[in-house]
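Read the structure below first, then the notes.
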Amino acid sequence: MAAKSADIRKTSHRSNNFTQNIVKNPKLPFAIALLVADSILVALIIAYVPYTKIDWDAYMSQVTGFLEGERDYSNLKGDTGPLVYPAGFLYIYSAIQYVTGGQVYPAQILFGFLYIMDLAIVLFVYLKTNVVPWWALSLLSLSKRVHSIFVLRLFNDCFATTLLHAALVSIIFQKWHLGLVIFSGAVSIKMNVLLYAPPLLLLMVKAMDIIGVISALAGAALVQIVIGLPFILSHPASYISNAFNLGRVFIHFWSVNFKFVPEDIFVSKAFALSLLVAHLSLLLVFAHYRWCKHEGGLFAVVHAKVIQLKLRVTQRNPSSTNKVLQTDHIVTTMFVGNFIGIICARSLHYQFYSWYFYCLPYLLWKTPFPTVLRLLLFAAVEFCWNVFPSNIYSSVVLLCVHVIILGGLWISSSEYPYVEKTTDKSTSKKKTR
């Protein structure tokens, strides 16, 4: 009897501790509840909101040409024009066509699962960083436009974004080579993922020695070669020029961010060049003064790597120079680097919102702004992306809000980048300077 009473007390004590932990840190149960609620919402959207035909028929036409044996990229076309995505896109949508028979409704269900999977990955990243308060995680489920992109439009951006987030998880766990392979897979679906490449390269240089960086990059390049091999062997020039065309000029009508720029200027090379200069300049400034602040700047990081390379060449058994990066530093650098690319992109079409929407709550809570202003900025971005068609005023507001957020990130405190082991080697501590 006494033993049974003791067991009951222990069970009660554990239950009380579990309840207290949830009250103190409700993020995990809230994230699970959010996934369940959003799953229901996605099901309702698929059931009751009409599908909007945009690119699906073109995707299926391009896939059909590939499955019928066409390997010349210039001949793979749909009703919206020629194929402009790398070969990973063809493999993904060939599989989708096989599973769904090319029908929209089963494809919507598949994309619904993809949406929930992507949201789960993003929530995991947010839980690992502990930057955003638990209630603000709900912002990740409040975008009308993003729901539409996934389950009403079926864009390839959805797969590229999901793989990018999966790569980020691998990188958070310091699995750099695996992360680069997944990252390269995302690039093979759509090239916008390359906006993350500059900050990712910087993180690799900070975390690994030169051999590690080169081998990881080689792995990523090998993925591109293998994926594109059928086209590279048959029509290499056609594949490279169409799948990796960095000079494409988008239609002014569909621009969400620079609709206020006159069309003749919008399509000019001078405008494209000015945005490229702004993009590179902002990356360099943030890399030197923000992301490498604690090492003494970008040039100090590069100089240290040159010295390490010299030591590796001169020493027969060089010691490992790999370092473990803080999760917050990894996510902040990746998200801000991508956001800079978004600001400087010549044209953002409606589906491109998925490229950075999931970064927004994190970026807003990294700024020193009051919570009310953060929420207003979030709402303003969402509003601009739901104005259709975009106009001069919505694009001006969107650019201004982007610049305000970037300014807030510039004046925010810089996290210490490295994990430092404690004396008992059981925990690691974070610094903020």
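The set of residues in segment 346-369 being of a type in the set (Phe, Trp, Tyr), within 13 Å of Leu409 (Cβ to Cβ), assigned to a helix (DSSP H, G or I) and open to solvent by 20 Å² or more (accessible area, probe 1.4 Å) consists of Trp365 alone. For segment 370-383, enumerate the residues that are surrounded by 13 or more Cβ atoms within 10 Å (Cβ to Cβ) and not hydrophobic (A, V, I, L, M, F, W, C). Hits for segment 370-383 are Arg374, Glu382. The C-beta contact set for segment 271-293 (first residue farther than 20 Å from Pro417 by Cα, second residue surrounded by fewer than 17 Cβ atoms within 10 Å (Cβ to Cβ), distance under 7 angstrom, 6+ apart or interchain) comprises Phe271/Ile265. Hey, can you tell me all the residues within segment 287-304 that are of a type in the set (Gly, Ala, Ser) and buried (at least 17 other Cβ atoms within 10 Å of the Cβ)? Residue satisfying the conditions is Ala287 alone. Residues in segment 210-221 that are surrounded by fewer than 19 Cβ atoms within 10 Å (Cβ to Cβ) and touching a residue at least 24 places away in the same chain (Cβ under 8 Å): Ile210, Ile211, Gly212, Ser215, Leu217, Gly219, Ala221.
The one condition from (1) closer than 27 Å to Leu282 by Cβ; (2) more than 13 Å from the chain's Cα centre (by Cα); (3) at pLDDT 95 or above; (4) among the aromatic types (Phe, Trp, Tyr) that Trp254 does not meet is (3).
Does any residue of segment 94-104 turn out to be touching a Pro at 6+ places or on another chain (Cβ under 6 Å) and in a helix (DSSP H, G or I)? There is at least one residue in segment 94-104 that is touching a Pro at 6+ places or on another chain (Cβ under 6 Å) and in a helix (DSSP H, G or I).
Looking for something modelled with pLDDT under 95, more than 29 Å from the chain's Cα centre (by Cα), among the β-branched types (Val, Ile, Thr) and surrounded by fewer than 15 Cβ atoms within 10 Å (Cβ to Cβ) - is there at least one such residue anywhere in segment 20-39? Checked against the condition, which is being modelled with pLDDT under 95, more than 29 Å from the chain's Cα centre (by Cα), among the β-branched types (Val, Ile, Thr) and surrounded by fewer than 15 Cβ atoms within 10 Å (Cβ to Cβ), segment 20-39 yields at least one hit.
Restricting Leu325, Leu284 to those that are exposed (fewer than 13 other Cβ atoms within 10 Å of the Cβ), within 25 Å of the chain's Cα centre (by Cα), over 30 Å from Asn391 (Cα atoms) and aliphatic (A, V, I, L, M) reduces the list to Leu284. Looking at Tyr105, Tyr73, Tyr93, just one residue is buried (at least 16 other Cβ atoms within 10 Å of the Cβ) and modelled with pLDDT of 95 or more, and that residue is Tyr93. Residue count for segment 384-420 satisfying the condition of being acidic (Asp, Glu) and open to solvent by 30 Å² or more (accessible area, probe 1.4 Å): 1. For segment 132-163, filtered to residues that are basic (Lys, Arg) and either without any contact (Cβ under 8 Å) to a residue 60 or more places away in the chain or in a helix (DSSP H, G or I) (or both), the residue that is least open to solvent (accessible area, probe 1.4 Å) is Arg145.
Summed over segment 250-263, the residues that are within 30 Å of Asn75 (Cα to Cα) and exposed (fewer than 14 other Cβ atoms within 10 Å of the Cβ) give a count of 3.
The values are calculated or read from the model by the stated rules, or taken from the named source; none is laboratory data. Keep in mind that this is a model prediction, so the values were computed, not measured. All Cβ positions, even for glycine, are placed from backbone atoms using ideal geometry, and neighbour counts span all protein chains on display. Side chains included, ligands, DNA and RNA excluded: accessible areas come from the protein's heavy atoms. Shrake-Rupley method; radii C 1.70, N 1.55, O 1.52, S 1.80 Å.
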